[in-house]
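Comments concern the structure below.
The values are calculated or read from the model by the stated rules, or taken from the named source; none is laboratory data. In this text the structure is predicted, and so the values were computed from the model without any measurement. Every residue, glycine as well, gets a Cβ built from its backbone with ideal geometry; the counts of neighbours run over all protein chains shown.
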Amino acid sequence: MKKTALTAALAMILGSSVAFAAPSQKDAANAIFEAVSANNKAAKIGFEWRDTYKKLLGPAKKAYKKGNYGKAVKLANTAKAHAKLGVVQAGKASGADLISN
């Protein structure tokens, strides 16, 4: 019984490591593109957050150029979330529903 449980746990661990492969160059490029697009939308309506580019998108682009695609994806995804929150903030400030995917 202990061997079965151990084998099952080991299979789950090994299987999960395959599912979480490192992001590729294409993944990083797509993440940065989506983040820049979202940030441009927030900027267009006047609600771009101050540090989104300086602390997230800029470093994401640098990480991409250095081949650190995991870091680039992480930073770009955070920047995209900030941009989306800026759009939400704009909607709340104006009373309008500006939220769209």
Report task. Give the number of residues within segment 53-62 that are within 16 Å of LEU85 (Cβ to Cβ) and modelled with pLDDT of 95 or more. Result -> 3
Requested in this report: Output the residues belonging to segment 43-75 that are assigned to a helix (DSSP H, G or I) and in contact with a His (Cβ under 8 Å, 6 or more places away or on another chain).
Outcome: THR52, LEU56
Query - Residues satisfying the stated conditions in segment 52-75, i.e. over 15 Å from ALA22 (Cα atoms) and touching a residue at least 12 places away in the same chain (Cβ under 8 Å) - result: THR52, TYR53, LEU56, LEU57, PRO59, ALA60, LYS61
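Mind checking which residues of segment 1-42 are of a type in the set (D, E, K, R), modelled with pLDDT of 95 or more and either in a loop (DSSP other than H, G, I, E, B) or over 16 Å from LYS84 (Cα atoms) (or both)? Spell out the reasoning first.
First, pick out the residues of segment 1-42 that are of a type in the set (D, E, K, R): 2-3, 26-27, 34, 41.
So of that shortlist, the ones also modelled with pLDDT of 95 or more come out as 26-27, 34, 41.
Passing the criteria: LYS26, ASP27.
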Report summary line: Among ALA81, ALA35, the single one that is exposed (fewer than 15 other Cβ atoms within 10 Å of the Cβ) and hydrophobic (A, V, I, L, M, F, W, C) is ALA81
